[in-house]
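**Student:** Below is the structure I would like to discuss, written out as structure tokens.
The values are calculated or read from the model by the stated rules, or taken from the named source; none is laboratory data. Values in this document were obtained by computation on a predicted structure and should not be read as measured data. Heads up, the Cβs are rebuilt from the backbone with ideal geometry, glycines too, and the neighbour counts pull from every protein chain shown. The protein model used for the area step is the full one, side chains on, heavy atoms only, and it has no ligands, DNA or RNA in it. Shrake-Rupley method; radii C 1.70, N 1.55, O 1.52, S 1.80 Å.
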Amino acid sequence: MGFFRIRTTVDERPGRLASLATALADRGGNILGLSVQPDTDGTVDEFVTDIPASPEAVREALEAAGGRRVRIVPATAHELTDEPTRTLLLAARLRSAPWRLPEILGELLRADDARWVYGATAVRPRHEGGDQDEADAVELPDPTLLLVPVAPRRSIRLRRSGLPFTLTEAARAAAMVRLAQPPAEPTAAEGPARLADGAEVQVKPLTALYREALRDLHERCSPETRRFRYFTANPTLPPRLFDRLCDRTRGQSLVAGHDGQVVALASLMFTPDPGIAEIAFLVEDRWQGRGLGTHLARMLLAQARDLGFAEVRATLLQDNTRMRRLLGSLGATLSPTDDPGVMEARLAVGVMATASPS
């Protein structure tokens, strides 16, 4: 019998976790700990087990049950500590000794090495296998290496042999880093923005006063622009959706105005998943390609950071090339969904901590 930490990626389908658990039980395994982490190309299921079978036999059983990229590394009884309790204890240590941030991040992610690096650009974990999207340009050649940004030109490098880092772990590290930093000044939710071509727009929070202006914006947008935003070319904004966008308990939305007209709408919406928010944009056709969408995206990401979110997601159509390029420039990882033609973009907010609007 021996303790092992076993990690495998599976498709997001009902019954997959049960199949893996059954495969471990058939090999005499006793599951002592379980973690489920959404990732770019499925769900990463991680087990801490006491199992008599050899690692090779376990790998074969899990692959037969639908597992991909099975990793098995030795574990100890110390790793059976309740994960939320362990994280809270690490957070308490960090608040009392913030200079020990690398050490604590190393413990949080069970890294083999954690150290300061200077002048490095923060990147997200690379995942083995699968097709790489054209927007997935800034990736690590080594998936067992993670750089977590702390300040401009200063990061913490984590290395962990055997188990590649996941996006969920990158988000956890970013959230822990924020505990060691002084409170951020609230991000301005309104004010003028000058674009690269010299045009100036006024950005303000969305309120009920903009109902008619948003109706006009939708009517001016092309059917393709509306389809990219709502997955339908319906020219009207349903009253129920407008009321939801104005509800500050469900999210925060911004409008950009120029010459008495609203020319863009950007929304940060809360989700049922703690720590995760969704973003969406509608930019009038004649204002596309001028940097307005990027400016609004950076404002929303800064707001997400200030509100304590660890990750931001967006759902977009496969043929929405402009949106894919925008999100890719901000460091998003894009992956397909179960719906053909629809993609999901994910950004760890910590990676965007230094990306303030200009």
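**Student:** Taking N as the number of residues in the chain, what value does Rg over Cα atoms divided by 2.2 N^0.38 Å take?
**Tutor:** So the chain has a normalised radius of gyration of 1.08.
**Student:** Modelling each spin label as a point 7 Å along the Cα-to-Cβ direction, I'd like the SER19/ASP142 distance in nm, to one decimal.
**Tutor:** My value for the distance between the label points is 3.4 nm.
**Student:** For the stretch 206-258, what are Rg and Dmax over the alpha carbons, in angstrom?
**Tutor:** 11.1, 31
**Student:** Does anything in the stretch 295-314 have its amide N under 19 Å from the 7 Å Cα→Cβ label point of GLN202, and if so which residues?
**Tutor:** From the stretch 295-314, the list is 296.
**Student:** Distance in nm between label sites at LEU80 and GLU224, each 7 Å beyond Cα in the beta-carbon direction?
**Tutor:** Distance between the two pseudo-spin positions: 6.0 nm.
**Student:** For HIS218, HIS295, write out the residues from largest to smallest accessible area, computed with a 1.4 angstrom probe and no ligands counted.
**Tutor:** Solvent-accessible surface, decreasing: HIS295, HIS218.
**Student:** Treating only the Cβ atoms of Lys and Arg (+1) and Asp and Glu (-1) as charged, compute the dipole magnitude of the chain about its Cα centre; round to the nearest 20 debye.
**Tutor:** Numbers: 45 positive and 47 negative charges, 192 e Å.
Charge dipole, the chain, about its Cα centre: 920 debye, nearest 20.
**Student:** If you look at just the Cα atoms of the stretch 222-299, how large are its Rg and its Dmax in Å?
**Tutor:** 12.9, 39
**Student:** If you plug each phi of the stretch 20-27 into the Karplus form 6.51 cos²θ - 1.76 cosθ + 1.60 with θ = phi - 60°, what whole-Hz ³J(HN,Hα) values come out, in order, with x for Gly and Pro?
**Tutor:** Whole-Hz 3J(HN,Hα) from phi for the stretch 20-27: 5, 4, 5, 4, 5, 5, 5, 9.
**Student:** Which value, in debye to the nearest 20, gives the size of the charge dipole of the stretch 1-117 about its Cα centre, when Lys and Arg are +1 and Asp and Glu are -1 at the Cβ? Please list the in-between numbers first.
**Tutor:** On the way: 15 positive and 18 negative charges, 61 e Å.
The calculated dipole for the stretch 1-117 is roughly 300 debye.
**Student:** With a 1.4 Å probe and every protein chain left in place, work out the accessible area per residue of the chain in Å², rounded to a whole number.
**Tutor:** Per residue, the chain has 47 Å² of solvent-accessible surface.
**Student:** Rounded to the nearest 0.05, what FRET efficiency is calculated for THR43 and LEU88 with R0 set to 30 Å and r the Cβ-Cβ distance?
**Tutor:** 0.75
**Student:** While we're looking at this one, here's another question. Report the antiparallel proportion of the DSSP beta bridges in the chain as a percent, rounded to a multiple of 5.
**Tutor:** 95 percent
**Student:** Sticking with this structure for a sec: Rounded to the nearest 20 Debye, what is the dipole magnitude of the stretch 289-337 about its Cα centre when Lys and Arg each give +1 and Asp and Glu each give -1 at the C-beta?
**Tutor:** 180 debye
**Student:** Which percent of the accessible heavy-atom area of the chain goes to carbon and sulfur, probe 1.4 angstrom?
**Tutor:** C and S fraction of accessible area: 53 percent.
**Student:** In addition: First check a/c for the stretch 219-358, with a ≥ b ≥ c the square roots of the eigenvalues of its C-alpha gyration tensor; if it is under 1.5, answer rounded, and if not, answer prolate when a/b is larger than b/c or oblate otherwise.
**Tutor:** In terms of gyration-tensor shape, rounded.
**Student:** Tell me the label-point distance for the pair GLU107, ALA151, using the 7 Å Cα-to-Cβ offset, in nm and rounded to one decimal.
**Tutor:** So the two model labels end up 2.3 nm from each other.
**Student:** Give the distance, in whole Å, between the Cα centre of the stretch 191-255 and the Cα centre of the stretch 6-66.
**Tutor:** For the stretch 191-255 versus the stretch 6-66, the Cα centre distance is 44 Å.
**Student:** Once the dipole of the chain is set up with Lys and Arg at +1 and Asp and Glu at -1 on Cβ about the Cα centre, which of ILE276, THR315, THR49 lies farthest towards its positive end?
**Tutor:** Most positive-ward Cα: ILE276.
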